[in-house]
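Report on the structure given below.
The values are calculated or read from the model by the stated rules, or taken from the named source; none is laboratory data. Being a predicted model, the structure only gives us computed values, none of them experimental. Please note: Cβ atoms are built from the backbone with ideal geometry, for glycine as well, and neighbour counts cover all protein chains shown.
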Amino acid sequence: MLSTMMSMPLTITALMQFVDRVHGKSEIVSVTHDNPQHRYTYNEAYKRTRQLANALRALGAESDDRVGTLAFNDYRHFELYYAISCSGMVCHTINPRLFPEQLEYIINHAQDRFLFVDPMFVPLIELLAPKLTYVEAFIILCSQDDMPSSPLENLYSYETLISQQPSQFDWPELDENQASSLCYTSGTTGNPKGVMYSHRSTILHAYASALPDVFGISAREVVMPVVPMFHVNSWGLVYSAPMVGASLVLPGPKMGDGKSLCNLINDCDVTMTAGVPTVWLALLNYLENSGDRVPNLKRLTIGGSACPQMIFDGFERLGIDVHHAWGMTEMSPLGTYNKPQLWEFGLSDDEYLRNRLSQGRPIFGVDIKIVDDQGIELPWDDTAAGAVKVRGPWVTAHYYGQDIASDFDGWFETGDVASISPDGLMRITDRVKDVIKSGGEWISSIELENCAQNHPAVAEAAVIGVSHMKWAERPLLLVVVKDGAEVSQSEILQWFEGKVANWWVPDACEFVDSLPHTATGKLSKKDLRDQYANYAWPVAETV
Ligand code: ADP
């Protein structure tokens, strides 16, 4: 029997029109190359969004076209998000930090017809332009006066383009399953892979992520996504914040600078923010060294990589709640979120901390299971670790331009390995490809890295599996020592004693000047494994 309920499509257009009517006075504050603090309201943002939609049409853009953006977090990028998707086109956010060959691949693979580019990326675009097969015009996100001189043809000023357009636009009626935006994962092997989000997946993710035990944002808050808008729609905050009427602070290019972040948080009364560990480390170091404080900031979300304990402790000392989240581009991105349940306040300090440093509980809408090598489901007993599989309305079934795999069983393989406690707390122990298999047993490289990272002399640590005659593989620890710190390799190895199982302690430690990272700032273990493939263990391998 069918229900009596209406079937209204879940579209970003409906969200935009709702925000324009109901939350129009909430603000967007941006840092841009031409203004250190640009302020306007959602009403003004959507007025310019309609002008932009007219400008896109005047350029000749049509339904289903992919329109690329190479831009930081600011109000013009916000306008592009809505104008492109709500016109029935696909907003392809591109990570400008990728290598030029990856950028060329991505832009050609997506067949972007137009590129909207921050002025600072014009030299990059000049380099790429001869190789971009489908791009017809470059629109620089600035006024005519600020246009850089460039030999590029078909170069337009964003402000000039939209200023010529009326502020009325008839948005098309869209199917909720229409593609809305596209983001490529950087991937450490092979070519980047595209994930195509829909209007429906975006809206459902925005609803779920705004819940009290997820971002928990409201119309009385000021939200600052420090995670880039070119990385998984800045974790959906550019949709969920307007949805609930929260004001947005978009920090532009200054996203890794602790002092700028501190000033922005205080100037704009930011109450909630979200980003990767590196960003929070920069802010924490700045606060600790300068004595400056951020009294209005209530909480921050940390994700993208495991949350180091020192970041958790450091911000808690300052009275700021730290919430750990896990997800990936293929999941829009949120999968789990970590806020305590009431009973957890009765735990000992150590148990409480252990729970908070896990990746958190699944959000309703994402089904999670862990499986062994044969694909058999493992119990949620906090001990068994297996490959994490997920499914849900904001999880991709396949990559853009690829068919659904013939053996697809309805679950997406995340590539992560985790255990799950009986009450649903997921603890990521590794990436499937980074797991160290010693004598047939798995060793968690992430847990060893976290442990090493807590040593006061360690700036950064990586653990990889290196082949070993007796055990097949053993862990090798690579450490970047903090400037001015004095420590020996054996002192660092002793640090693990009593903190991890004896047989997990790395067999050797090597000091290095730096560690390789991917374009999204994650450790590139593949490069390290290649580099240390023929590593000679300092002690006899048969011992
Ligand atoms: P990319 O694929 O471009 O590196 P993603 O953000 O999609 O960027 O990366 C997703 C991966 O990042 C996850 O599969 C997981 O391995 C890792 N990750 C994300 N959040 C966490 C977290 N809180 N703890 C540990 N690892 C995480």
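Quick notes
- Test: residue 177 is free of Cβ contacts under 8 Å to residues at least 60 places away in the same chain and either of a type in the set (D, E, K, R) or part of a loop (DSSP other than H, G, I, E, B) (or both): yes
- Residue list for segment 276-302, restricted to those being within 16 Å of the ligand (Cβ to nearest atom) and at pLDDT below 95: 276, 277, 278, 279, 280, 281
- Residue tally, condition near the ligand (Cβ under 8 Å from one of its atoms) and assigned to a helix (DSSP H, G or I), over segment 314-330: 2
- Those residues of segment 274-284 which are touching a residue at least 60 places away in the same chain (Cβ under 8 Å) and not in a loop (DSSP other than H, G, I, E, B), in sequence order: 278
Each row is one residue, and each column tells you yes or no for (1) in contact (Cβ under 8 Å) with a residue 40 or more places away in the chain; (2) surrounded by 18 or more Cβ atoms within 10 Å (Cβ to Cβ); (3) closer than 17 Å to residue 52 by Cα.
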| position | (1), (2), (3) |
| --- | --- |
| 77 | yes, yes, yes |
| 111 | yes, no, no |
| 130 | no, no, no |
| 133 | no, no, no |
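- Residue check for residue 180: within 22 Å of the chain's Cα centre (by Cα), away from the ligand (no atom under 16 Å from the Cβ) and of a type in the set (S, T, N, Q): yes
- Within segment 74-100, the set of residues being assigned to a strand (DSSP E or B) and more than 16 Å from the ligand (Cβ to nearest atom) comprises 90, 91.
- Inter-residue pairs, beta-carbon under 7 Å, first closer than 18 Å to residue 237 by Cα and in segment 285-306, second more than 16 Å from the ligand (Cβ to nearest atom) and assigned to a helix (DSSP H, G or I), 6+ apart: 297/265
- Flag for residue 311 being within 15 Å of the ligand (Cβ to nearest atom) and out of contact with any Phe, Trp or Tyr (no Cβ under 6 Å at 6 or more places or on another chain): no
- The lone criterion from (1) within 11 Å of the ligand (Cβ to nearest atom); (2) modelled with pLDDT under 90 left unmet by residue 414 is number (2).
- Residue pairs whose Cβ atoms lie under 6 Å apart, sitting 6 or more positions apart in sequence or on different chains, and linking a residue in segment 516-536 that is under 18 Å from residue 308 (Cβ atoms) to a partner that is part of a strand (DSSP E or B), are 523/462; 525/464.
- Residues within segment 82-104 that are over 14 Å from residue 194 (Cβ atoms) and either polar (S, T, N, Q) or crowded, with 24+ Cβ neighbours inside 10 Å (or both), tallied: 7
- Residue match in segment 482-504 (condition: touching a Phe, Trp or Tyr at 6+ places or on another chain (Cβ under 6 Å) and either farther than 17 Å from residue 310 by Cα or surrounded by 15 or more Cβ atoms within 10 Å (Cβ to Cβ) (or both)): no
Residues checked against (1) within 16 Å of the ligand (Cβ to nearest atom); (2) farther than 23 Å from residue 308 by Cβ:
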residue	(1), (2)
349	no, no
355	yes, no
361	yes, no
379	no, yes
382	no, no
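- Pairs with Cβ under 7 Å, 6+ apart, first in segment 405-421 and among the hydroxyl-bearing types (Ser, Thr, Tyr), second assigned to a loop (DSSP other than H, G, I, E, B) and more than 15 Å from the ligand (Cβ to nearest atom): 419/382; 419/383; 419/384; 421/380; 421/382
- Residue list for segment 183-219, restricted to those being of a type in the set (Gly, Ala, Ser), away from the ligand (no atom under 14 Å from the Cβ) and more than 20 Å from residue 248 (Cα to Cα): 198, 201
- Selection within segment 238-253 - farther than 17 Å from residue 297 by Cα and outside any loop (DSSP other than H, G, I, E, B): 238, 239, 240, 242, 243, 244, 252
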